[in-house]
Each structure stands twice: as C-alpha cells, then as structure tokens.
There are 2 protein chains.
Amino acid sequence: MMMVRWNMRLGLAALCGGALLVMLYWSRCTDITLRPSSILNEEQTKHNKVDIECLINGEYSVVCRRDHDEVYLPFSFIHKYFEVYGKITPADGIYDPRGTFATFENYNVEVRDRVKCISGIEGVPVSTQWEPKGFFYPTQIAQYGLAHYSKNLTEPEPRVKIIDDGDKNLGNWIVSTDATVSREFDTELKSNILRFTTSDQASSQVWCKVNISQDFVLSLDLRLKPNSSLTVVLQNKDKKETVYLHYVTSLQLIYALDDHIYYGIGVEHKWRRLTRDLVTDMQKGWALLDKAKRKSPRNKFKISSIILMGEGSAANIRVSTSEHMAHFFAAARWLVSTQRARGGWPVRARRRVASRVPDLRAGWHSAMSQGHGISVLARAFHRSKDVSYLRAAQRALHLLDVPSSAGGVKAMWMDKYVWYEEYPTKPPLFVLNGFIYTLLGLYDLHVIEGDNSISLAKKMFDDGMLSLKTLLPIFDTGSGSFYDLRHFTLGVSPNIARWDYHATHVNQLYLLAGLDPDPILINTAKRWEGYMQGKRAAHN
Amino acid sequence: MMMVRWNMRLGLAALCGGALLVMLYWSRCTDITLRPSSILNEEQTKHNKVDIECLINGEYSVVCRRDHDEVYLPFSFIHKYFEVYGKITPADGIYDPRGTFATFENYNVEVRDRVKCISGIEGVPVSTQWEPKGFFYPTQIAQYGLAHYSKNLTEPEPRVKIIDDGDKNLGNWIVSTDATVSREFDTELKSNILRFTTSDQASSQVWCKVNISQDFVLSLDLRLKPNSSLTVVLQNKDKKETVYLHYVTSLQLIYALDDHIYYGIGVEHKWRRLTRDLVTDMQKGWALLDKAKRKSPRNKFKISSIILMGEGSAANIRVSTSEHMAHFFAAARWLVSTQRARGGWPVRARRRVASRVPDLRAGWHSAMSQGHGISVLARAFHRSKDVSYLRAAQRALHLLDVPSSAGGVKAMWMDKYVWYEEYPTKPPLFVLNGFIYTLLGLYDLHVIEGDNSISLAKKMFDDGMLSLKTLLPIFDTGSGSFYDLRHFTLGVSPNIARWDYHATHVNQLYLLAGLDPDPILINTAKRWEGYMQGKRAAHN
C-alpha cells in the first residue's frame, strides 16, 4: 500500500480549506473503528508499522497504516470523502522557467463558466467574463497555455489510441454507396492521408466506429472543402443519450441545437491540426443550451464513432487522455499571430474595475497579459527553438515601460517605484498578484534568453523586485493581505484579498523567495501563510 | 429626574468597551423588575413618560424613566454598576486651540502608576516609565498640563474653602508656648501674611485644625527658612488612621516612612505658591511604601489639621475641589524654564522602541513632546498674554525641521512626505497618534498666533496634513489600524494598534475632519469607528 503525502505549501488554498473541513466533519459524523489488517509483512511488523482496517461510520472499509499509536488514513479516501484536493509536489523546488508555471498545473481554465468554449479555429478559450458575446482574453489564453504546459510536466503519460495513422493502424471506414475514400501520400503533410467525398444527401457519409471510453482528446490533421464536416458521436453508456459534435467549415464559434453542437473550424481549404477535448466541447454546448453541468461525464460517456461528410482529407487520427502540448502551442501561436505593433495584446472588452475609477475602454492592455504571454512564449521558444516566439516575448516588454496614461501598463508609486499594472486605471490600483505574475514573465524571459547583462527583461525584473520588496509590507493587513492598494490611491475602504487570492500571494512569495534571498520575501510568505492558519500580527 | 445622555463619539474607548460590557452582564446576571414610581407629575403622565422604579437583582432600587414600552436607566447607575465611563459632551464641536485638548479632560495623568509623584518643587509629574529612579518626561508633563486645562473647562466650578486669607477669613492658629505668630503685609506678595517661628523642639509648632472632607487640593503661598516645614494631617474617618504629609525645605523628590510622607519643595528662601492634591500625594507615598492602592480615599479621609514648623511665612491658604489652572501653569512654566537652545525638551531616559532598532539614547527628542509642549504653551499664552509662552512655543518648532539623524524628529516618507516622529528612530517608525498630536500643536500655535500667511507653524501643519492625508490609508488594516509603519521600514510583522490606540486614532481623525474638509479624514474616521463596532472592510 502506498501512502499519499501532500505538501501544504503548494496548492495551499485547497489544502488549508480542506484541513479545516476534515476537522469539522471528523468530530461531527465520522466514527472510525480500527482493526488489524491481515495485509502485513515482516518488515512492517518489525517496525510496528502495520496496515490496519478502518471502518468509517460502519459504512466504508479503508486500509490505513498504523505506526504505534498513530493511524494514517490514505489521502485517496480523504480526497473523496471530504471532497478536498491535494497532490504530491516537490517541497522546495526552485522555480525554473522551463518547468511548471507557479501552481498552474492545478488550473483547469477551460472548465470555468466564464469560458464560453475553445475556439475551433484558434484552439484557445473564448471568454465571456466582461463581454457576454465572447472575446479573446489574452490573460486567459496565456493561462490556458501555461496550465497545459505545466500539466504536461506533472501528469502521467497519456494513453494514446491510434484510430488511423495511414500506416500500421488503419480505421475501419464504412463508406456509403454514393461516397468514396482513397489513401495517398501527401507531400505537404509528409504523411499518408485518407481522402473522402460524400454526396449532398444527408445519409451519404464515411464513418468509423471507435467505441472509446475514458479518453476524450481527439486529434487529427484535417483539410476540408466548403460545406464539409467532421462529426464525433458521443454516447451516454447508461442512458443511451447521443450527442453529436460537428466540426464544420464555418467561421461561427459555436452553435447548439438539441443534441447537435457545432464548432466552426474556419473556411480555408488547408491542412489544420485539430485537437479537441470532446468532453469540454460537449459541456460548452450544453451550457449554451442552458443544460445543467453533468458530473463526471468522462465516466458516463464514450466516443461511439467518427463521421466525415462533404469533401476533404484526414490523417493521423488519434484519441488521447490529454494533448497538453498541442493546447499549449495553440496558445503560443495565438499570442504570436495577434500581437500588435507595440508588442501588446489588447483586451477587446470594456472593463469596470472599481467604482470611482473610469472604466478601461476596450483595447486596454494588462501587464498580466503581457507577463503571462511572455511566460508562454519563453516556454514555446525553449521547447521549439523557434525564434519567432522569443522575438514576440521580447516585443511584449515594450508596453511595460509605457505609462498607463499612454496606453501602456506602467504606474509609479510616489514617482519612485515602478508597478506593472494588471488593470492600468487612472489612478493606479497596484494589484499585487498580477504584478508578481508579470515579474515571473520577466524572469522567464531573462533566463530563457540566457545570461545577458544588458537584458531589458532583467532590468525590468530587478526594478519590479525592488518595488515589490519595498511595498510588500503595505499589503499586509496583520491577518491577511490586500488585493490591491485602492484604499491608498482612491481613499476608499481597503480591498482585502479573499482566501484564494491570499493563497496565491503566499504561493507567489514562496516562489520568489527561491529566486531572491532578501528575507522580506520568505518572512512575508511565512507570516502570510500563518494568517491562513489563524495566526495574527500582534497589537502593541 | 434628569436623564444622562452621552455621546458615543468622544471618549469612544471607554464607551464602546462599556457598551459591550453592558450587554454581556445584562444577559447573565441582572434581573430587573419594573414598577410605577410614585414620583410622577401631570406633564409626564400626559405624554406617557413616567418615572418608574427598577429593582436590579432584587438588590438595588433605581428610579428610571419609562416612555411607552421603553425604559431608560440612568447612566449614573450604569456607570457604577458596570464600571463604565461616559460624559455629556458636545456632539460636533469644532476643535478650538483655546478650548479642551482632544479628549484630555478624561485623562488623569497623576494617578498613573508610571507617575512616581508630583514634584514638590516644579509641581509637575515625575515619570518612572523608562527610568525607575524617575525623570521629567516632557510629553507626560504636557499631558498633565493639557488634562488640567481641559478639566478646567469641562468640570463644574470647584468648591473653595478659605483657611486663612489674612483678611476676612483667619485661621484659628494654635501656637505652642515656645512658638510665635504675627501678621503683616508683604509688599512682594501684595497680601497679608502669617509669620511664624517655632523652637527646635518637636512639640513646638503652629497649627490649625481644619476638618475638611471631600475637597483635597491645598494651595497656599509659602516662604520657608531652612529646616522648616508645612505638614498636613489626614485622617481616615472610619479607621482612625493618620497620615502626615510633610512639605519640607529639601531637594529630595519624595520620601516615605510609616505614616509620614515627605515632599521636598526646594531650599531657597523665597515665596512659592504650593498647590497640592493631597490625596495624590498620599497615594504616591503609599506606592513608595508598596502599600496597596486604596479605593476612593476621597470618601474615607478628611483633612484634619495643618501644621507649620521652623521659621517662615504663609498666606492665602485654601482647600479646593480642584485647582486645574495652577497645575496647568506649573506645566507651562516647566516647559519655558527647561527648554533648550534648539527649542527642545530632551527626554533624559534611554528608550527601547522596537527590536531591530537601536535604542534612543537619553537626550532624544520627541515630536509628541514638542507638539504637546506647543499646545500647552499656546494655551498658556492665550490665558496669560505672557509673550514668553508664545516665544517658547515658536522656538519648539525648530526641531520638527531637523532630521532624526541630526538630533531632531523629522523623518521623510520616500523622500517626499514629512513625518514628525514621536520616536526618532533609525529607520523611522511613522507612529500615527504621536504625529497627529504634533499636528494639533502646530494648529494650536498657528491659531493662537493669529492669521499670518508666513507662519512657520502653518506651513509645518499644512505639510504634515498632506503627509497624513496621503499616508492615512496605509494605516488601515481593514479591521482596525496600525500603530505605526514598522512593518514597512523594518520589514517585520505589522504592529496593530490595540483598542485604546485605535480609539485615539478615531477621535483624532474626527477632530481633524472638523478642521479640514478633505473627505479622506471624515471617511476614514467613520470607517475606523465602524471597525470598533465589528464592521470589516470587504474582500474582493
């Protein structure tokens, strides 16, 4: 039996909340009976460390481990029983720009309600956070990329099932009488491909029964002529419910009607690699139909079949547990292709930040978008060695040196300390977490560029760290942290960081404390973590 | 029957704490029975407002007032029963430098344990706060002066009993056979005086039986030759205990042995006006003898007699409920006579302010001493028109413009905003309450000087107000206030203001809000007052 241990520092928000829950429920309604388990070996007995059966409320039996008077319950049980989350993480790993980004391996950007769906054309999320009709929010897209990059490093190897690789694994395609299929070598794709045509009749199709459970990320190379489509049929194993996911030659983002959900994948007749999390695509379609979110659809549905209609080609069709790097590079490519002349990714939604502050008008920039964008691009360059990513990252620095009043994101604290503004309002708000994320982007770029004493990223990082180390104490409430300094700039009531943002601050400070030995960082991180455990600053 | 109403804003510390206490005890242990009182008149009956008897726990009977379903308990009862304090205060009076100082009419400096006694020579308190052998602490002396000035304005007229004025009221002096008394007119004092001599024998004396209860402030003009004394005999009415207060020609501060307490009043053969709170003098003597503090000695003791020994003269002998202005001017004179060339009142005690900060070495200056000193001197000038007080106040400004590193009290926040430091440490601590008190001193002087556009006090006040209004938000914890900004300058855990200091901040801000219409002052005062009622800043 393996013990799950978890680290309290990373993923703090979930775990501290969890710890509280555990205690609460424990005393209230859980009765545990312990009895020696038959599963024990000599080594364990010698050290008086034995497996022991725990009866939980007489309802469940859990194999635990006993060491003298202490009994250890497996986290896998605690996880389910108390609905708390935790994972095995390195305790004191130093942050590395080639590695996971902060704690983003825990992020699941696409499931958020404010993500309308993943675009079929760009492969990146579309946000409805401040604009109901949906827009590309650079911060969210970068977080989507960073989350998948991080998950790729922390999750187990995905299972991959080849549906058709044109070589050793060929799909069993069933072809209607008025349809055709053929196989050939494509010089552009440098791969064997499947060509297909169907007639205008609805019954005319080329399809392949697949019957795959558990794994839901479909990827394939696809080139479609107009009015052609790829359809994936999903079936609920219990209820015999059927959902049709249509990927169609259209510019429309998403459309849903009854059991049919449509994603436009563009109209150009060119090869594109499509990588779709089918469950996400299904859930977003349901959300559009105002259907309630299903619990664990991954356990209840299976991929039943794949259908090609119209005219086009497909290749390298497979289904995986995950395709994190494909999602990551979709974000990186979006950042390169949409970057503007000044190096920015404007946010195309009006943003109301705080009362008494003029709204940010559509087209504003965010230091957090710039910083996160840089973090994505630095990693994309590291993985691909494609210099266009590096150049884009370097261009993204520019707006960090442009004052908010001139369309940039730079604020100054008392004319002395630079602050990269997540929301470049007038007056500035000095949001803490977005500023630190921007610093991480600068650090990432500096490291990925290699040691270079005249690096602009390094100078900006150093300047920002000086600001942070100087102003950090002002964010301390004595029992938590402030989200921003609006009470200073607006003269209003302070804006205290809620639990999860405070946890983010703590994680960010521990991370920076690994990069900079100034004791203010580690001391503040520890003190602020203490606040989460109920500690309070003393009064005089 | 008169209703006592009290204002929640001023004297907030006591009242908010009191309100809580009231509620707690109320539900726990107080049973109140109401029955109509016979004391009612026609007018009251007509409006259904009647006196009503309340039985408290079957133990006390209190006459209360009923208005329909509500019953009002007199504060005089609540005051004693719950040991809470309150007083009738003007609700929204604008601060006036000629009037009370902040809420100092509630201060009772001399009863504090850290006051060793009131000096017989200078008539001002001697502190043991940081120096067990006692020293003159300018801040404390100024507070003593300001408290008495304020009490003089808010308390009822004192009762005055003339013991001997050499004119209409003559004491019945009993003269030993080897002693003499004579009466004559003194040209220096411009008053009839009593001359006396006694022999070296202990039984040789001139004494006067007085038998006064309730009032204990003795004042007289006194001129003694060496080895002469004035003794006041106090008797405990119940226990027949006798205490002898000796005012002797000596430089010793205080000395006590058994029932004899000695105060040195100086050795020069000159007229001095002695004003002594006899109960305070008795209590401080007991403290020196490590006797427990008595409760309400003013109810239990009486002044039994006054004894003159040696050779000297006395005049204008009286006993009053209070002699606040005498105490006030004692403080003002001390400030004038001890002021140094740079206008400062150095603090002659080493002061440990905070760990990680070098101690302030004896001789340091405090902006609070300077500010309070100015507030005393401005009032002394206002009352006496003696320009030496005004000049001393103006000289006291100088050190506010001298950096702490050069022996002054000036710190700068980020090289931009001046802060007058209560404790001029390196690095600065930015103590809030002491800074605001300094601002009040500057305001006082400016107003007392009269409108003068080139007033240095006004410029210093304006500069300081700008600092205060700029930095005030940084003192906001979201649930209270910080005492200082040591977390910023030392990078340590924040120093949260305890309840009474937070209450002081609130009172100070309400006061300043009456002088400056900037909404940051009144809004912060209201928000911080809300924190005392359990309100909290929102989180995001």
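Every number here is computed from the coordinates shown, using simple stated rules; none is lab data. Only a predicted model underlies this, so the values are computations on that prediction, with no experimental measurement involved. When we count neighbours, we look across all protein chains shown, and the Cβ atoms used for this are built from the backbone with ideal geometry, even at glycine.
Points worth noting:
- Counting beta carbons within 10 Å around each of A:162, B:52 and listing the fewest first gives the order A:162, B:52.
- With θ taken as phi - 60° and the Karplus curve 6.51 cos²θ - 1.76 cosθ + 1.60 applied, the whole-hertz 3J(HN,Hα) list for the stretch B:382-388 is 4, 7, 9, 6, 7, 5, 5 Hz, x standing for glycine and proline.
- In chain B, the convex hull through the Cα atoms has an average projected area of 31.2 nm², a quarter of its surface area.
- Remark: mean inter-chain Cβ contacts per residue of A:486-493 equal 6, using a 10 Å Cβ-Cβ cutoff to other protein chain atoms.
- Applying the Karplus relation 6.51 cos²θ - 1.76 cosθ + 1.60 with θ = phi - 60° to the stretch B:470-480 yields 3J(HN,Hα) values of 6, 8, 3, x, 5, 8, 8, 8, x, 8, x Hz, where x marks Gly and Pro.
- Cα-Cα over 20 Å, subset of B:133/B:300; B:151/B:209; A:168/A:225; B:190/B:270; A:410/A:458: B:133/B:300; B:151/B:209; A:168/A:225
- The aspartates and glutamates whose alpha-carbon is closer than 13 Å to the alpha-carbon of residue A:293, local same-chain residues fewer than 8 away aside, are A:113, A:281.
- Residue exposure sequence - A:239, B:459 - by fewest surrounding Cβ within 10 Å: A:239, B:459
- Under a 5 Å amide H cut-off, with hydrogens placed 1.01 Å from N, residue B:350 pairs with B:362 among residues at least 5 apart or on other chains.
- In chain A, the DSSP-assigned H stretches of four residues or longer account for a calculated mean residue ellipticity at 222 nm of -10000 deg cm²/dmol, using -39500 (n - 2.57) per stretch and the full residue count as denominator.
- Dipole axis of chain A (+1 Lys, Arg; -1 Asp, Glu on Cβ), positive-most option in A:531, A:396, A:278: A:396
- Part-to-part distance (alpha-carbon centres) for the stretch B:272-349 and the stretch B:382-448, which is given in Å: 29
- Loop-located GluC sites (Glu not before Pro) in the stretch B:182-281 (DSSP state not H, G, I, E or B) with no more than 11 neighbouring Cβ atoms inside 10 Å: B:188.
- 5 angstrom amide H check on residue A:254, placed H, neighbours 5+ away: A:264
- Relative to one another, the C-alpha centroids of the stretch B:156-176 and the stretch B:508-534 are positioned 50 Å apart.
- In this assembly of identical copies, the label point of residue A:535 (Cα plus 7 Å along Cα-to-Cβ) is separated from its counterparts by 3.2 nm, sorted shortest first.
- Just so you know, the Cα atoms of the stretch A:386-508 work out to an Rg and Dmax of 15.0, 48 Å.
- The mean count of C-beta atoms from other chains within 10 Å of the C-beta of residues in B:475-485, rounded to a whole number, is 5.
- Per-copy distances of the residue A:51 label point, shortest first, in nm (7 angstrom along Cα→Cβ): 8.6
- The phi torsions of the stretch A:511-520, fed into the Karplus equation with coefficients 6.51, -1.76 and 1.60 and a -60° offset, translate into couplings of 4, 5, 4, x, 9, 9, x, 3, x, 4 Hz, rounded to whole numbers, with Gly and Pro shown as x.
- With the biggest extent put first, the Cα atoms of the protein assembly as shown measure 147, 77, 67 Å across the principal axes.
- Cross-link reach list, lysines versus residue A:295, counting only Cα pairs under 20 Å and skipping chain neighbours closer than eight places: A:80, A:116, A:237, A:239, A:240, A:284
- The value obtained for the stretch A:160-321, namely the Cα convex hull volume divided by the number of residues, is 107 Å³ per residue.
- Those lysines that a straight Cα-Cα span of less than 26 Å connects to residue B:526, excepting residues fewer than 8 apart in one chain: A:426, B:87, B:469, B:535
- Amide H within-cut-off set for residue B:210, under 5 Å, with H built and near neighbours excluded: B:305, B:306
- Legend: ranking of residues A:96, B:518, A:67 from fewest to most surrounding C-beta atoms inside 10 Å; resulting order A:96, A:67, B:518.
- Here is how far apart the residue B:269 label points are across copies: 12.9 nm, shortest first, using a point 7 Å from Cα toward Cβ.
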